[in-house]
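The values are calculated or read from the model by the stated rules, or taken from the named source; none is laboratory data. Predicted model, so just to flag it, every value in this text is computed and none were measured. Virtual Cβ from ideal backbone geometry, glycine too; neighbours counted across all protein chains shown.
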Amino acid sequence: MAKRLIDIKKNIESENENFNRFFFISINLEIKNFISKLMTRTNVFIFSGIIRDYYLHRENRNFRDIDLIIYDDLIIEEYFDNLSFEKNSFGGYKIKFSNIVIDLWVIKNTWALNQGQLKLEFDHLVELPKTTFFNFSSIIYSLNDRQFIIGKDFLRFIRDKKIELVLDKNPYPELCIVNSFYYSDKLKLNFGDKLKEYLKLNIDQYMRDLEFIQLKHFGKIKYKSTELKQRIEDLQLTKAHKS
């Protein structure tokens, strides 16, 4: 397995066409038509779990949700009839199909960009991977151009096989705490030291919200708040990091 980041980047880029084929054969005709129509009006990008799982060799085609970003600020309801959707306070859409939910965001309206975490004088596409909370989300795929836009944090994720923090500013820190353990358990991966520090620094402040956010997000409580607190207290920083 490649260890140098430049070699990992080349390996990922060599999968541009393979990933495109994998994605489109994994979705039904209704969703394919929706995305294809969207692509005629703006540039469309995939991010988050589908890409992560593809590179962890978890090529499950039974997607439960698809995360998309579009470049232009379209009024979705004016372009597509008979869509069942909700619009959130951050300008994103949750669009419900028969068996899949699409979470759709406008690139210039993402929370990190709006909150000034990054300056506006930049190429949104190049900088967007720096605005994710987890390193495994620090990559996007352009459906129009059929190519990956890769953040260095994703390259380190592939190399180190650890879940690490990228940007600590997030509108739902309590969900980030829960999801850290959810993805660690699901993917069977350990935490990096930056994420360990974040969890230790924030657990007391958000502990009383942990079970409520799970009910809202998952529909059930996967982890008792006391369990999460104990697991965080048990986390050990590496000697190299502490020094």
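Looking at Lys220, is it assigned to a loop (DSSP other than H, G, I, E, B), surrounded by fewer than 15 Cβ atoms within 10 Å (Cβ to Cβ) and either touching a Phe, Trp or Tyr at 6+ places or on another chain (Cβ under 6 Å) or outside the structural domain of Asp103 (by TED's automatic domain parsing) (or both)?
Considered against the rule, which asks whether it is assigned to a loop (DSSP other than H, G, I, E, B), surrounded by fewer than 15 Cβ atoms within 10 Å (Cβ to Cβ) and either touching a Phe, Trp or Tyr at 6+ places or on another chain (Cβ under 6 Å) or outside the structural domain of Asp103 (by TED's automatic domain parsing) (or both), Lys220 comes out as yes.
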For this session: Determine if region 122-141 includes at least one residue that is assigned by TED's automatic domain parsing to the domain that holds Ile12, assigned to a loop (DSSP other than H, G, I, E, B) and without any contact (Cβ under 8 Å) to a residue 12 or more places away in the chain.
Result: yes
Problem set entry | Leading residue by the ranking (farthest from the chain's Cα centre (by Cα)) among those in region 1-59 that are within 18 Å of Ile69 (Cα to Cα) and among the small types (Gly, Ala, Ser) | Ser36
